[in-house]
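Here is the structure we will look at.
The values are calculated or read from the model by the stated rules, or taken from the named source; none is laboratory data. All figures in this text were calculated on a predicted structure; none of them were measured in a lab. Neighbour counts run over all protein chains shown; Cβ positions are idealised from the backbone, glycine included.
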Amino acid sequence: MPFSKRQAPNSPDRPTLDLSTEGDFTTPNKTLSKGGILKRYQILNPDIITTLLIVLFILVPVTLGGFKALASIQSPLRSDSPKSFNAQERKKQ
């Protein structure tokens, strides 16, 4: 009986995860490179640069334009009654 690919005897076993506690992960890493944060990490990668460009050139101007449009809305300071309105005539009806 021929073996299928999955049942072939020379196929590797499933990978296993080693959960042994040989290393203590609570101790800090003492092999940090010398220097500041810019020496240890790459801060400006392409994703962050793209996000900054989108925020600075699209979202900030649109938001500021919206605030400017809302601030330019004017409403009358007082509400005058219509010129043809007479309270005495209204009471007599």
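The condition of being surrounded by fewer than 10 Cβ atoms within 10 Å (Cβ to Cβ) and either at pLDDT below 70 or not in a helix (DSSP H, G or I) (or both) does not hold for S11.
The test for being of a type in the set (S, T, Y) and at pLDDT 80 or above holds for S75.
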